[in-house]
Amino acid sequence: SLDQGVTGLPANHVTLKDPIFHFEIPSVAGVYEGTLNPAKNAITGKWSQTSADNLPLDFKRSDQTLELRRPQTPVRPFPYAEEEVTFTGGADGIVLAGTLTLPKGAGPFPAVLLIAGSGPQDRDASLASHRPFLLIADAFTRKGIAVLRCDKRGVGKSTGNPDTATTMDLAADSKAALAYLKSRKEIDGMRIGLLGHSEGAIIAPYLAGHSKDVKWLVLLAAPATTGEQTLLNQSELIGRAGGLSDEQLDASLGFDQAAYALVRKEKDSNTLAEKLVALVKESGLDAALPPAALETQLRMLTSPWFRFFLDYDPLPNLKAVNCPVLALYGQKDLQVAAKANLPLLKKAFQDSMNTQAETRELPDLNHLFQHAYTGTPAEYAAIEETFSPDALALVTDWVAGHSFSK
């Protein structure tokens, strides 16, 4: 539903008895029936849903790509300075590239380093035509706070091989970015904070516990369980939201656990790949996975990043944090669910007696902090909102309060 920003709802009883096309969406009690034209490029039909019957709904094939609306994306010219920067990363030969935004005035300014989540993220954390880090950087800089955001290792203009980088390698790159910020004369080195999203919210507490240069943290969708548990929770919640039966979920999670056991046991990547392919065939998933999708999955499962992430426990580093923290979760986040992670996060801060930590669950927001229908990743592209304005105001006001306080 384009008007509601809804996508990813499972349909069943899908039939084409030429020229009659029929499908049903049980989760919304919806039924569609239409007539396919002789040219097979248009369907004219009716949609019924609960008490609304026989509403006209026509489909027409188009060769034009639909341009996705992103009304929150900031548009130049900006009322602040933008500077393309490069600096040495966290390992020999690594050069990181990014954008430093500086408020008007002489400074020195408080500053924030943005740390993106997993995957090949560019400096704007671009996903599905959304650019959340551009939006967040714009909001901070307009508040008088400088912002550094970077292309991850091997992405955009940054060098290096992303396939060999673990979470700790990426943490070393973020540490280098923090040092670069501190080296700039426009930046007040005593007022630098970190904002991390998802995996970035694993890296930020690690840096805070290993550096005296971090004044505060904002953690968005911070995992507090081991990597394996995070992935299993994610698979179950997304599968259930997608309409999988209990039997299908059990089979899917069973496959995941068997694959993870192989990753731990088999140290040779080529042998591991062969055993994973055999496991896929044995489970029958090869019929449902296109070759390109299977290759992508195998590449991830055999990567150094995955081997490390599987057993990584974020809690010890969360307990080592003693600076102010704002930790936010979306109530409809299916990738890092608040129900599984928020209690652990709270307890970590209580155990370490960090009385400056604030934790909140925000209603109706997904993993990207968009207002969502089900919270599934399939919805991300269909939602016009890039980042909840209320959540953005909460974050920027909190950061300003801690950056400009005496």
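The values are calculated or read from the model by the stated rules, or taken from the named source; none is laboratory data. None of these values were measured; they are calculated from a predicted model. Ideal geometry is used to build each Cβ from the backbone, glycine not excepted, and the neighbour counts take in all protein chains shown. Just the protein is used for accessible areas: all its heavy atoms, side chains included, with ligands, DNA and RNA removed. Shrake-Rupley method; radii C 1.70, N 1.55, O 1.52, S 1.80 Å.
With r defined as the distance between the Cβ atoms of residue 84 and residue 35 and R0 fixed at 56 Å, what FRET efficiency is calculated, to the nearest 0.05?
Between residue 84 and residue 35 the formula returns 0.55.
Which loop-located trypsin sites (Lys or Arg not before Pro) does segment 163-220 contain, where loop means any DSSP state but H, G, I, E or B and the Cβ has at most 15 other Cβ atoms within 10 Å? Don't jump to the answer; show the numbers that get you there.
Numbers: sites: 175, 182, 184, 185, 191, 212, 215; in loops: 184, 185, 212, 215.
Passing sites in segment 163-220 are 185, 212.
For a 27 Å ceiling on Cα separation, which of these pairs sit above it: 175/265; 265/332; 152/281; 46/332; 281/339; 152/215?
Beyond 27 Å between Cα atoms: 175/265; 265/332; 152/281; 46/332; 281/339.
Viscosity 0.890 mPa s, temperature 25 °C: Stokes-Einstein D of segment 76-219 from its Kirkwood Cα radius, in µm² per second? Intermediate results must be reported in sequence, preceding the final value.
Numbers: Rh = 14.8 Å.
Rounded, D is 165 µm²/s.
For segment 291-406, what does the alpha-carbon gyration tensor say about shape, rounded, prolate or oblate, given a ≥ b ≥ c as the root eigenvalues, a/c under 1.5 as rounded, and a/b over b/c as prolate? Walk me through the numbers before you get to the answer.
Details: a/c = 2.22, a/b = 1.28, b/c = 1.73.
It is oblate, given that a/c is not under 1.5 and a/b is not larger than b/c.
Can you tell me the mean projection area, over all orientations, of the convex hull of the chain's alpha carbons? Units nm², please.
22.9 nm²
Calculate for the chain the 222 nm mean residue ellipticity that helices alone would give, adding -39,500 (n - 2.57) per DSSP H run of length 4 or more and normalising by residue count, nearest 500 deg cm²/dmol. The partial results should precede the final answer.
Details: 11 runs with 141 residues, N = 406.
Roughly -11000 deg cm²/dmol at 222 nm, from the helical runs in the chain.
How much accessible area per residue does the chain have, counting only protein heavy atoms and a probe of 1.4 Å, in square angstrom?
Values: 20110 Å² over 406 residues.
The answer is 50 Å² per residue.
Can you tell me the relative contact order of the chain? Whole percent, Cα pairs under 8 Å, sequence separation 6 or more. It would help to have the intermediate numbers written out before the result.
Details: 775 pairs, mean separation 62.9, N = 406.
Normalised by residue count, the contact order of the chain is 16 percent.
Sort the following peptides by mean Cβ neighbour count (other Cβ atoms within 10 Å, averaged over residues), highest first: 84-90, 328-334. Working shown, then result.
Values: 84-90: 16.9, 328-334: 24.0.
Sorting 84-90, 328-334 by mean packing, highest first, produces 328-334, 84-90.
Roughly speaking, what is the centre-to-centre gap between segment 41-68 and segment 115-171 when only Cα atoms are used, to the nearest Å?
With segment 41-68 and segment 115-171 each reduced to a Cα centre, they are spaced 38 Å.
Net charge within 14 Å of residue 58 by Cβ-Cβ distance, Lys/Arg positive one each and Asp/Glu negative one each, not counting residue 58 itself?
Values: positive: 46, 60, 61; negative: 33.
Net of charged neighbours comes to +2.
Using every alpha carbon pair in segment 217-330, what percent of pairs falls into each 10 Å bin from 0 up to the bin containing the largest distance?
Going from the shortest bin to the longest, the percentages are 12, 37, 32, 15, 4, 0.
In what order, largest first, do 199, 361, 295 sit by accessible area if the probe radius is 1.4 Å? Could you put the intermediate results ahead of the total?
Numbers: 199 5, 361 90, 295 130 Å².
Final ranking, largest accessible area leading: 295, 361, 199.
How far is helix 269-283 tilted, in degrees, relative to the longest principal axis of the Cα atoms in the chain, given as a value from 0 to 90 rounded to the nearest 10?
30 degrees
Which lysines, if any, have their Cα less than 16 Å from the Cα of residue 346, not counting same-chain residues under 8 positions apart?
By straight Cα distance, residue 346 reaches 319.
Using the Cα atoms as the points, what is the convex hull volume per residue of segment 360-406 in Å³? Let's see the in-between values first.
Values: hull volume 3.4 nm³, N = 47.
Convex hull of Cα atoms, per residue: 73 Å³.
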